[in-house]
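Below is one structure; the comments refer to it alone.
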Amino acid sequence: PGGRLRELRHVARVAEQLVEKWQPDVAHAHHLTCLSTDLVDVLASRRIPIVYTLHDYWLLCHRGQRLDTSYHVCDGPGPDGCSACVQAGAGAPIPAGVVPALRAVEARLPTAVGEAGRRLVTAVAPEAPRRSSASAVRTRHMRGVLQRIDRFLAPSRAMRDWFIEQGIAPERIGFSPYGLDPAPLRAVTRLRTPQLRIGYIGTL
């Protein structure tokens, strides 16, 4: 637990140093996973406008893609978070500063990992109220992060509409499709072969 917290604090310190050195007029973020949501606070406290491109639903979806553990499309977090997807850590309190650690606490992970996640959040915040589940606290924290971001860019209208449904004011989120020109691909001829060919784009 201590090691992960030190990593998050180190990320925030490095961000502070870079912001002081570069003095940016605006910051454009593409993701915060494996970094720290403290980066938003670092920028907001200096009144540096923040633009955030929404490549997925991670800001409000623990799993990132709005698919629950049964791979059903989810409407989004409720007032008590997403207990269906964060079962392993649902009974443990967690402070805002270690919210990224929740990514390691998922229902589909081995039981031992879930137990480790509960020990993590309990160790760093034993005084936190037990009624606050990890999922609910993450949701509240991330909604606060959303409020401190000045402008969002959504690459699809569906994603824009969903975040508006989640409380983002329409004037704060624009539709900005990815700059990919599909025209050259339309002339490509597909050849049938006996081999199975799979194309994959994403992260592992």
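The values are calculated or read from the model by the stated rules, or taken from the named source; none is laboratory data. Remember, predicted model here, so these are calculated numbers, not experimental data. Every residue, glycine among them, receives a Cβ derived from its backbone with ideal geometry; neighbour counts consider all protein chains shown. The area values use the complete protein model at the heavy-atom level, side chains included, leaving out ligands, DNA and RNA. Shrake-Rupley method; radii C 1.70, N 1.55, O 1.52, S 1.80 Å.
Quick one, can you get me the convex hull of the C-alpha atoms of the stretch 1-61 expressed as volume per residue in Å³? Write out the running numbers ahead of the final one.
Working: hull volume 5.2 nm³, N = 61.
Spread over its residues, the Cα hull of the stretch 1-61 gives 85 Å³ apiece.
Give the residue from 37, 51, 84 lying farthest towards the positive end of the charge dipole for the stretch 23-87; charges sit on Cβ (+1 for Lys and Arg, -1 for Asp and Glu) and the dipole is referred to the Cα centre.
Among 37, 51, 84, the one farthest towards the positive end of the dipole of the stretch 23-87 is 51.
Can you list the trypsin sites (Lys or Arg not before Pro) in the stretch 140-204 that are in a DSSP coil and have 11 or fewer other beta carbons within 10 angstrom?
Passing both the DSSP loop test and the Cβ count: 190, 192, 197.
For residue 53 and residue 203, compute 0.36 nm times the residue count separating them, minus their Cα-Cα distance, and round to one decimal in nm.
Length gained between residue 53 and residue 203: 52.2 nm.
Starting from the residue with the highest accessible area, list 25, 181, 68 in decreasing order, probe 1.4 Å.
Result, largest first: 25, 181, 68.
Once R0 is set to 25 Å, what does the formula 1/(1 + (r/R0)^6) return for the Cβ-Cβ distance between residue 150 and residue 14, expressed as a FRET efficiency to the nearest 0.05?
0.65
For residue 171 and residue 34, FRET efficiency with R0 = 25 Å and r from the beta-carbon atoms, rounded to 0.05?
0.25
Just read off the accessible area of residue 34 with the full protein assembly in place, 1.4 Å probe, to the nearest 10 Å².
The accessible area comes out at roughly 110 Å².
Determine how large the accessible area of residue 10 is when every protein chain is in place; take a 1.4 Å probe and give Å² rounded to the nearest 10.
Near enough 100 Å² of accessible area.
Once the Cβ-Cβ distance between residue 73 and residue 183 is put in as r, and R0 is 35 Å, what FRET efficiency do you end up with, to the nearest 0.05?
0.70
Using only protein heavy atoms and a 1.4 Å probe, report how much of residue 69 is accessible, in Å² to the nearest 10.
30 Å²
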